[in-house]
Every structure is written in structure tokens, then in C-alpha cells.
1. Using the count of nearby Cβ atoms within 10 Å as a rough guide to exposure, how do L302, L587 rank from fewest to most?
2. Run the numbers for K387 and K435: contour at 0.36 nm per residue of separation, minus the present Cα-Cα distance, in nm.
3. At a Förster distance of 45 Å, what's the computed FRET efficiency of R565 paired with L185, Cβ-Cβ distance as r, to 0.05?
4. Take the cross-link list K469/K654; K523/K583; K429/K572; K312/K593 and give me the ones stretching past 30 Å between alpha-carbons.
5. Rounded to a whole number of µm²/s, how large is the Stokes-Einstein D of the stretch 554-647 at 37 °C and 0.692 mPa s, given Rh as the Kirkwood radius over C-alpha pairs?
6. Excluding residues on the same chain fewer than 8 positions from K73, give the aspartates and glutamates whose Cα lies under 18 Å from its Cα.
7. Averaging over all projection directions, find the projected area of the Cα convex hull of the stretch 274-397 and quote it in nm² with one decimal place.
8. Counting other Cβ atoms within 10 Å, which trypsin sites (Lys or Arg not before Pro) in the stretch 596-667 have at most 12 and lie in a DSSP loop?
Amino acid sequence: MKKNNKINRRKFVQSATAVAASAAALTSCSTFDSLTRAPSAENNWKIDENDRFDFIVVGSGAGGGPLACGLAKAGYRVLLLEAGGEGTNLISQTPVLHARASEDPLLNWSYFVDRYQDSSVYKSFEKLNSKFQKDNPSVYYPRAAGVGGCTRVNALIHLYPDNEDWNNIGSLTGDASWNAKDMYLRFQKIQTANGGWLTLNQSKELTLGKDQFLIRMAAAAIGVDAWDNTTNFFDKLLKLDVGGLENMINTNPSLKLNPNDQGYVDKKYNGVFNMPFNAVNGIRSGVRELILETRRRLPGNLFVKTDALCTKVLFDPNDKTKAIGVEFIEGAHAYRADVMNKQKASAFMGTPKKAMVKREVILAGGAFNTPQLLMLSGIGAENELQKYNIPMVKNLPGVGLNLQDRYEVTVVSEMNKPISILENCTFAKNNEFDKDPCWQEYLKNPSDHIYGSNGLALSLIRKSSDKQKSPDLCIFGVPGRFTGYYPNYSADTTPKNSNEPSYFTWAILKGHTKNHAGQVKLKSTDPRDTPNINFSYFHDEKNGLTEDLNAVYEGLNVARRINNRIGDGLLKKEIYPGSAISKPNDLKSWIMKEAWGHHASCTSKMGRATDPAAVVDSKFKVHGVQNLRVVDASVYPDIPGLFIMLPTLIVSEKAKDVILADHAGKA
Ligand SMILES: Cc1cc2nc3c(=O)[nH]c(=O)nc-3n(C[C@H](O)[C@H](O)[C@H](O)COP(=O)(O)OP(=O)(O)OC[C@H]3O[C@@H](n4cnc5c(N)ncnc54)[C@H](O)[C@@H]3O)c2cc1C
């Protein structure tokens, strides 16, 4: 089997390299990489504690990764510290396997989070919600550690936020440079088409053009509502057979239905879209590849230290508010969210190390780890720090507060027969890639195969009610069975054997949620411990309870209405929530019990110094502390748009511009 794998990969590399020849800058991003997490030679280096880097960036995800590369490209010596590893495997590189990637032990950090402030609430839900563990109110919340952070495993969806998300930051902070026009220019700038690094694709001819069921589903979705961008499209679609849609789109490029086109963004379209995702030649390509490529080209500028868990920011003994470096533990799997951590002796401490900086430390550990690191370093609410005897550097009560997320639910239906284009696919079950006929097909033409996409068939973006100023619902259809996150959820997303039925899922995401009541707090002073995380779901009216709940309810009903229109017995029955749950109040309490999220954010919120809850200013600087910034999904005052990765990549680009301007001309 190994031998076959090699042949296949070689073939793959050859075809990928040929296609990439015209995009020389990305050649190294377009081939499968090493299959294990074995540290690369580049990581086998020691940090000299007497050395002083220009910048140290902690965390290499959507916020930290591009920023570190941008600073290195500008000529600075940058140390990028990453708690996870560098290697990768076929699972995380094959776009369609993203759910499995999110549980890959090489990459997975498993958090268990609370959903309600009153933990007794879960008791009443326990029996109804399979995601609760017995006698434990916490639910699974997967994240990823490794070069690229969560971008290594996520569902690859890149959706531009609402213009008001940027303008509001400008108004809140009084910094006009956050205007929507400039932020859209940054989005354009980071794309490869404009000399940047991010390659976004759309499923060729829409995945749905290749299958009769999917065409019916699309027709039902388009017919369910009046959309702003489908005039004439619906009538034509209804008359199409398989292949017809393909022709139609080939002859009419405006039907690419790209939600990130400026026209759609500016006009806040309620529309039917083909969601962009990040892949080069059918292989996931993004922040990780940018980092590895930048290090390859600029080995004297970008230094990447993996398996390095930062434990604390160090301050100048003569000026305790001035950051001068970081402490970290050297050694793989040191953090207790890391699924491989349990295999280590519990006393594992790694090797404590230091790295020093001339200019600035930039924290980018994500919405859970950045506030944890700030608090461990003495920056946080005074009473919280006192509880753990942590010497205070700066009293910032907002650290870890304002935790936000979207609400997500799904409607899952059993199908009468599998979708034709997936009929023989095993999704490389048990890692038996060679036994998967679809994998073999994928290798022949990766960028034109559903395995080379995230599998999304169609996305609807719309307002949940006329009261909303911009679209606040994203409803997307995907073959498979997804009912939220619980340990080993990914094994249930695809059929386990050929006798198992196939499923179709509508995912409903509520954007611009109003709930600011979530919190991240320390559990202990041990930096290897995860913090206490409580999302305070559906908290109270001040936190948008009814508005958010009604919006999710509306989204769920849209999905059900589409399913009702599909007709012809193509769908056998709804299994989740299940047709027995149909009365409005039953459905609403079901939503409150089941809803989940995966866009944790806003825990180091941006705001003016006069706002006691603000953690960073509009230039990402931690209030009252010198040489310390935060650049990741934790800086938003309000959760932006409908998906968070693309906004965070744009934030990273903005941070680079701001930091370079601040340091221009300074020795
Ligand atoms: C399963 C899943 C699917 C998703 N799908 C999508 C999607 O399709 N579209 C979308 O827009 N968003 C999606 N997201 C969310 C999105 O990927 C994240 O919100 C985004 O990557 C956050 O960026 P970040 O830089 O804040 O943090 P991360 O990307 O999480 O990066 C943080 C990095 O910091 C490292 N780190 C943390 N603490 C330390 C420390 N103390 N020392 C050293 N390193 C540290 C971590 O190992 C990690 O690599 C998904 C997330 C998940 C988990």
C-alpha cells in the first residue's frame, strides 16, 4: 500500500507542479507535504537567550502567521513561536476532509467549554443533547495547534464581512483608518491575483452542476425566496439537467456568484452564492504555506520555533510595563488541550526557555489563549490576578470578557440514495487512501474534484428579518451528516460503510450575534492548563436573547422549506432536529439546547483608553503597556460578519501596516 501511495503522490506532485509553473511563487504550496509531525530540520535549532529579535509573534494562526511573514518581508528579524508542530498529512491537506482534520491528533486541541453561566441549566438539557458528557456540563470545542493554527483544519470558508463591521471599529475607537474602503483594498492586496499570498477558489461550475439531486436542491433553494442576484437564473435552472448548469455558468461568468465581490458586499445582497475557499491545485493552501515559503526565502528574517508553548510575557525589571521578551516551554504537546498531552507523564514540564526582543512582543494565540497569556503575565482584572497571586502589571478588567461566537445549528436529512458524484467515495476511511476510488479520481485532477473543495454545494446569505441592517444568516448545504461538535464527531459525518444511508445537511449560522456575556478566566497559574471558558449562550435580553434566537429559528425554517420543495422523494426523512419537533416553542427550546459555535472571538477587545473594558487600542497596542500588541480573533469589539477567518487575515494585514508605520525610521 505504501508503494501505491508513493506513486500516487508522485503523480500528484507532477501534475500540481505543472499547473503551478505559471505561479512560481506558490509552487511549494501546491504539493503534498511530509506525512507526519516529525520536526523538520529547520525547527531543530536553539534560541540564544542573548539574541534579541526585532519582533516576537506568539501563535501562527490567521492573526499571527501573515503578520510575522509581513514583518519579516519588510526586513525585520522575527521569531514566530508556535505551540503546535509544523508537519502535515494528507488529511489536513485534502480540503474535503476538513472535519477529520479538525480531530487529527497531530493538530487537535480539545477544549471543553461551558455554554451557560448557570451550570444547573445543563441538567435540564442533559438527556436531550448528545453533546453533553455524562455529569459534565462542558461541551467539546475543537481548535488546532500547529503552523497555521486553526486555518490548518478549518472548513476553508472565506467570506468577507459587512462594511459596517469595519466602520463601527472606526467609530468606536475614533480611528478613521478602519474605514471599510481601505479594508476592502487590503482584502484585494492579500490575494495572489494582486501579488499577495491568498488563493481563493470557487467550486468549478458549482459542485451542484454535476448531480441531479444537487440541481433540484439548488432550484428549491433559489425558489424559496426572492434573492437579489438570481433574476432569470431560477427559471433557467429549473429546466436544466446535469451538465446544463455547467454550460450555463461557463457561458455566463457573472453567475460565479462570488459573495466577496465588492458589488455584493456594498449592496448587502440577500443572495445565492458559491462560497470561496482556499486551495491551490486542489490542496489546502493558506497561512501555513505562506509561513513555510517566507522562511524558505528569508531564513535570516523569519525564525519559526514550533513545539514552543509561550507561558508568559517578560517585562523590564526597571520598567515593569515594558515588554522585553517571553518565556516558553520547549517540547511537543505541552498544553493540556493537546490530545497527545495525555500520553505524556503528567509531570511533563518541557524545557523552560526565554526569547528576548528589541521592539515588540505580539500575542496571537487566539480567543482562548491570548487572554490566558495576558493574565498569566499580570495583565487582567486586579481581583482575578490577586486570586492567583499573580503580580499585577496592568489592571485591565476587560481581559477575557466579551467572549463572543455565532450560533450554529443544522437540519440533517436522510437521503433515499447517495448523491451520484459521491456514490463510491469512502473519504479515505481508516486512512486507506488507496482503497478510496474517489481519492484516485481526485489525484488525476485535484482542482476539478469535489475532494479538492470543502464540499459546500450552495450558500444562501440573507437577513433574518427586515429589521436587520445587513444579512445576518448564512445557510449552506453540504452532503454528509453534521450535528455539531462532540468527541469523534468527524467519524459520523460520512457513511461508515456502504450499507449506511447518505445524508444531506443544511448548516445555519447566525452572524452579528448580540451576546457579549461569555468569559475566559484562569483555572490555575499553570500555563499548561486550559482556562475556564463559558460562552453564556442565550444569556438575557441585554445580550440579544430573543433577537438571536428568532434569527436562528428563521434560518432553520428556511432550510426546512427548501427541503419540502425538493420533492420527488429524494429526501427520505429529517433526522435532526426531526419532524417531531415542529411547534415554534419546541423548536426554539431545541435551538437553545443544541446550538454551538466555532468562531470564538472578542476576548481582548479593541476600544478607547476611556473604555474600562477595552484591552487594546485601534493600533492593537495593549492599553497601559509598552511594546505589547494583540493581533488575532480576540481583538474585535463585536464579532464580524458571518465567518471570521477572512476578517482576521485582513486584520493581520492591517496590523502589519500599522506596526511598520510605527517603526519606520526607528533604529
Ligand atoms: C473546526 C473548525 C472549522 C472552522 N471553519 C472555519 C471556516 O470555514 N471559515 C472561517 O472563517 N472560520 C472557520 N473557523 C474559525 C477560524 O479558523 C478561527 O477563528 C481563526 O483561525 C482564528 O484565528 P486566530 O489567529 O485568532 O487563532 P488560531 O488560528 O487558533 O491560531 C492561534 C495559534 O496560536 C497558537 N498558540 C496558542 N497559544 C499559544 C502559546 N501560549 N504559545 C505558542 N503558541 C500558542 C495555537 O497553537 C495556534 O496555532 C473554524 C475553526 C474550527 C476549529
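1. Ascending Cβ contact count within 10 Å gives the list L587, L302.
2. 11.7 nm
3. 0.65
4. Pairs exceeding 30 Å: K523/K583; K312/K593.
5. Working: Rh = 17.0 Å.
Diffusion coefficient, whole number: 194 µm²/s.
6. Here the aspartates and glutamates satisfying the reach criterion relative to K73 are D54, E289, E293, E360, E653, D657, D662.
7. Values: hull surface 47.2 nm².
Mean shadow area of the hull around the Cα atoms is 11.8 nm².
8. K666
Throughout, read-outs are computed from the coordinates displayed, never taken from laboratory work. All values derive from a computational prediction rather than experimental measurement. Please note: Cβ atoms are built from the backbone with ideal geometry, for glycine as well, and neighbour counts cover all protein chains shown.
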